[in-house]
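Novice: Below you'll find the structure I mean.
The values are calculated or read from the model by the stated rules, or taken from the named source; none is laboratory data. All of these numbers come straight from a predicted model, not from anything done at the bench. We place every Cβ from the backbone using ideal geometry, glycine too, and count neighbours over all the protein chains shown. These area figures cover heavy atoms from the full protein model, side chains too; ligands, DNA and RNA do not enter into them. Shrake-Rupley method; radii C 1.70, N 1.55, O 1.52, S 1.80 Å.
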Amino acid sequence: MNKNMCNISENVEENTEEAEMANRIFRVESDEELRPLSDVENPVLWMNENADLDDDLSFPNISNFFHRVDSSQILYETKKRRLKMIGKYVMGDLLGEGSYGKVKEMLDSENLCRRAVKILKRRKLRRIPNGEQNVESLQGMLESTSEKKFPLLQAHGYFTQLIDGLEYLHSKRIIHKDIKPGNLLLTLEGDLKISDLGVAETIDLFAKDDTCVQGQGSPAFQPPEIANGVESFPGFKVDVWSSGVTLYNITTGKYPFEGDNIYRLFESIGKGEFAVPSEIEEPLRSLLLGMLEKDPYSRFSLQQIRQHAWFMRKPPKTSKEVPIPPLQGDSLHRMTVLPYLEEHYYDFTNMEDDCSTHYITEKELNDQKKESAEHNNGKALVRQNSKRKWKKISCLTMRSFPGCKQS
Amino acid sequence: MPLFGKSQKSPTDVVKALKEAVNSLEKGDKKAEKAQEDVSKNLVLIKNMLYGTSDTEPQTDIIVAQLAQELYNSNLLLLLIQNLNRIDFEGKKDVAQVFNNILRRQIGTRSPTVEYICTKPEILFTLMTGYEHQEIALNCGTMLRECARYEALAKIMLYSDDFYNFFRYVEVSTFDIASDAFSTFKELLTRHKILCADFLETNYEKVFDHYQSLLNSENYVTRRQSLKLLGELLLDRHNFTVMTRYISNPDNLKLMMNMLKERSRNIQFEAFHVFKVFVANPNKPKPILDILLRNQERLVDFLMKFHTDRAEDEQFNDEKAYLIRQIQELRPAGGH
């Protein structure tokens, strides 16, 4: 059985290295507060303290799992990685936080794809987002640069992908309504993913046009018709405007409209007057002016953007591309779920009364196994038994958390 | 220029040599074998100018521009495509690679090759007839799809009479050719949203007349693929006008209701996604309403038992429940 576990884990490791970094955002609703990892009661430690618990595995003492341990009795470790699952997702580290909730890296246990999962708190669902701080998005990359902007060639690459994506959304009758750098995610291959359809609206299959009445995206990216509180407006042009602000932002490092507070900001947007910095040359200038046209009906359509000279021509390479910033100091963006899995399947530290938690690589693990097998056959057998007990119990404890399945 | 070894042939020389070789290959005289060799050799030379090799970089922009200009002036692209079946296996692939590279070339916002092909649409039509020749069909397919990426070229193809040959090509007995033709067909009908919507609107009768034959095809794959594409086309917001027109024709509804009962579950499922639009339509024309009313009870029973094992597909179940409710609540239009 233990061998099986090892094999599974090996596969996990192999596959995830190849797994595509898919930045799709899934929404997982969770009532459960996310507790910091360090003060979660540690069932592994607890079981080991009761070393003489009998071997009757078919009747684990259920009350044990709900037993509260006084804080004085818990052994704290520097950082205990405890495997946790939400639905089919194995949790990794925190990637970022927004006003809605947290985003964590996760591994889809069914297809082994890397995911970023947004965990929403129910009571926050009613709130309208404001100045979100985001994950691995264009926003993050912009902030990693000194000028807060991209070289034109790079901006062009992202912008053309954004327009492709918007065209697709619009063909599915979806108005995104919250296009901004913070909601545009990037894969490590440089593919853009439009995320966060939290305030998106679907227009009815039989609606004659794309009229909508509600606007609720991020203020700085809202068009004049929303800032002015117009009763109804053409929805698809909202996304064109926000994409215009996005393009303005990633090419100049500035915002076309600003204000000390939301009222001033909306006042400024409502007038629709803005300046394009002098360093922005034609044809980008006229594209920005066309997309940030105050009147939604004369504002560019996606088709007009596609046919615009700046869109059709790749700008020459001027300066070095802004790289994707490292994830928690790791420029390779290695998956943060792995250490949890390793810990879950390979953790020996407690068996050996070793209180210091450290990573065990597979090689170390294999070496350890070999060593113990060679030097002490009898003892190795005992250890295997005790590990089996530990294994089962650890799986059972998973059940006490809502939505957790036995892996 | 390399310091040692043979100095590079100029684009003019290579194009000229290749043209002569293709011409003599076309005549099929006794020097055919030699011509074949020359064609392959010169194609490789051109390919290396564009792509480079493991040892050499691609040629400079000036050389490539010269090469492109020579290709336009000599009309060699058309000649190569017309004689594609005479060129050897590797050569065919080289032609496709050279063609696609030259096609993608840009000067500023202009695509000179696209402009050139617009003046020589025979190139496109010759490529399209390539689907009739097994040995070159797939090579022509890759070139066609590259062309279809450009709106101007897609427009020429869509609005040509030759486009309707695709309804035949997607059904040919060789599976890989039929599939390739279908993906080109789909690309032409979906790539440029506004162009496609305009095309479908202006040529509604003719296109859907032909499309009917795909939906009634003997070939399972054709039936399934075309039904799926139909659903995608109708549900694309850009094709709103086309959709409203399609769902007011009772014959289309009858066809979908029959497809709901097909033996294949996949076809049933795809048909559901078209059928639902007829039912959800808030302004059903009388003939449509009549058909639904006549089958009201049977439809409700049928849908209740329809694909009940798709429990995990929430959207499908919501839609199905919605349809059942809609059909149950159907009442004859008052006074008519």
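Novice: Restricting attention to segment B:258-271, which residues are open to solvent by 40 Å² or more (accessible area, probe 1.4 Å) and farther than 17 Å from B:Gln212 by Cα?
Specialist: Within segment B:258-271, B:Lys261, B:Arg263, B:Arg265, B:Asn266 meet the criteria.
Novice: Quick one: A:Lys193 ticks every box in (1) of a type in the set (Lys, Arg); (2) within 14 Å of chain B (Cβ to nearest Cβ); (3) at negative phi bar one, so which box is it?
Specialist: Every condition holds for A:Lys193 apart from (2).
Novice: Using the structure shown, decide if A:Ser278 is open to solvent by 40 Å² or more (accessible area, probe 1.4 Å) and modelled with pLDDT of 90 or more.
Specialist: Details: open to solvent by 40 Å² or more (accessible area, probe 1.4 Å): yes; modelled with pLDDT of 90 or more: yes.
Spelling it out, A:Ser278 is indeed open to solvent by 40 Å² or more (accessible area, probe 1.4 Å) and modelled with pLDDT of 90 or more.
Novice: Do you know which residues across segment B:272-307 are within 12 Å of another protein chain (Cβ to nearest Cβ) and either outside any helix (DSSP H, G or I) or buried (at least 19 other Cβ atoms within 10 Å of the Cβ) (or both)?
Specialist: Quick first cut of segment B:272-307, residues within 12 Å of another protein chain (Cβ to nearest Cβ) only: B:273, B:276-284.
Matches in segment B:272-307: B:Lys276, B:Val277, B:Phe278, B:Val279, B:Asn281, B:Pro282, B:Asn283, B:Lys284.
A quick yes/no check of all residues on (1) facing chain A (nearest Cβ under 10 Å); (2) loosely packed, with under 15 Cβ neighbours inside 10 Å; (3) more than 19 Å from B:Val172 (Cβ to Cβ):
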position	(1), (2), (3)
B:Glu201	no, yes, yes
B:Glu218	no, yes, no
B:Thr222	no, no, no
B:Asn239	yes, no, yes
B:Met243	yes, no, yes
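Novice: Take B:Leu234 and decide whether it is in contact with a Phe, Trp or Tyr (Cβ under 7 Å, 6 or more places away or on another chain), in a helix (DSSP H, G or I) and within 14 Å of chain A (Cβ to nearest Cβ). If you could, list the steps in order and put the result at the bottom.
Specialist: On the way: in contact with a Phe, Trp or Tyr (Cβ under 7 Å, 6 or more places away or on another chain): yes; in a helix (DSSP H, G or I): yes; within 14 Å of chain A (Cβ to nearest Cβ): yes.
Yes.
Novice: Turning to a different aspect of this structure: Mind checking whether some residue in segment B:167-185 is at pLDDT 95 or above, under 13 Å from the mean Cα position of the chain (by Cα) and among the acidic types (Asp, Glu)?
Specialist: yes
Novice: Return the only residue of A:Gly182, A:Gly235, A:Gly198, A:Gly217 being modelled with pLDDT under 95, open to solvent by 20 Å² or more (accessible area, probe 1.4 Å) and among the small types (Gly, Ala, Ser). Lay out the reasoning, then the answer.
Specialist: Working: A:Gly182 fails: open to solvent by 20 Å² or more (accessible area, probe 1.4 Å); A:Gly235 fails: open to solvent by 20 Å² or more (accessible area, probe 1.4 Å); A:Gly217 fails: open to solvent by 20 Å² or more (accessible area, probe 1.4 Å).
None of the others qualify; the one that does is A:Gly198.
Novice: Would it be correct to say that A:Glu293 is among the acidic types (Asp, Glu) and within 18 Å of A:Gly157 (Cα to Cα)?
Specialist: Working: among the acidic types (Asp, Glu): yes; within 18 Å of A:Gly157 (Cα to Cα): no.
In short, no.
Novice: Any idea which of A:Pro296, A:Pro283 is open to solvent by 40 Å² or more (accessible area, probe 1.4 Å) and in contact with a Lys or Arg (Cβ under 9 Å, 6 or more places away or on another chain)?
Specialist: On the way: A:Pro296 fails: open to solvent by 40 Å² or more (accessible area, probe 1.4 Å).
Only one candidate passes the filter, namely A:Pro283.
Novice: What number of residues within segment A:86-107 are more than 19 Å from A:Gly140 (Cα to Cα) and surrounded by fewer than 20 Cβ atoms within 10 Å (Cβ to Cβ)? Spell out how you get there, then give the answer.
Specialist: Of all residues in segment A:86-107, those more than 19 Å from A:Gly140 (Cα to Cα) come to A:86-92, A:106-107.
From what's left, surrounded by fewer than 20 Cβ atoms within 10 Å (Cβ to Cβ): A:87-88.
Result for segment A:86-107: 2.
Novice: For segment B:79-109, which residues satisfy the criterion of being of a type in the set (Val, Ile, Thr), closer than 14 Å to B:Gln36 by Cα and assigned to a helix (DSSP H, G or I)? Show your work before the answer.
Specialist: Pass one, segment B:79-109, residues of a type in the set (Val, Ile, Thr): B:81, B:87, B:95, B:98, B:102, B:107, B:109.
Narrowing further to those that are closer than 14 Å to B:Gln36 by Cα: B:87, B:95.
If the condition is that a residue be of a type in the set (Val, Ile, Thr), closer than 14 Å to B:Gln36 by Cα and assigned to a helix (DSSP H, G or I), then B:Val95 is the only one that fits.
Novice: Output the residue which, of all residues in segment A:158-171 that are in contact (Cβ under 8 Å) with a residue 24 or more places away in the chain, surrounded by fewer than 23 Cβ atoms within 10 Å (Cβ to Cβ) and touching an Asp or Glu at 6+ places or on another chain (Cβ under 9 Å), is nearest to the other protein chains (Cβ to nearest Cβ).
Specialist: Checking each candidate, the answer is A:Leu169.
Novice: Something else: Filter segment A:140-171 down to residues that are of a type in the set (D, E, K, R) and modelled with pLDDT under 95 and give me whichever is farthest from A:Arg285 (Cα to Cα).
Specialist: From segment A:140-171, those of a type in the set (D, E, K, R) are A:143, A:147-149, A:164, A:167; that's our starting set.
Narrowing further to those that are modelled with pLDDT under 95: A:143, A:147-149.
On the way: A:Glu143: 24, A:Glu147: 19, A:Lys148: 19, A:Lys149: 16 Å.
Once the filter is applied, the top-ranked residue is A:Glu143.
Novice: Restricted to segment A:308-326, and to residues that are within 12 Å of chain B (Cβ to nearest Cβ) and over 11 Å from A:Ile163 (Cβ atoms), which residue is surrounded by the most Cβ atoms within 10 Å (Cβ to Cβ)? Let's see the steps before the verdict.
Specialist: Within segment A:308-326, the first condition is being within 12 Å of chain B (Cβ to nearest Cβ), and the residues that meet it are A:308-316.
In the following step, the residues that additionally are over 11 Å from A:Ile163 (Cβ atoms) were identified as A:309-310, A:312-316.
Details: A:Ala309: 14, A:Trp310: 23, A:Met312: 15, A:Arg313: 15, A:Lys314: 15, A:Pro315: 16, A:Pro316: 8.
It comes out as A:Trp310.
Novice: Of the residues B:Leu323, B:Leu253, which single one is within 14 Å of chain A (Cβ to nearest Cβ), among the hydrophobic types (A, V, I, L, M, F, W, C), assigned to a helix (DSSP H, G or I) and surrounded by 13 or more Cβ atoms within 10 Å (Cβ to Cβ)?
Specialist: Only one candidate passes the filter, namely B:Leu323.
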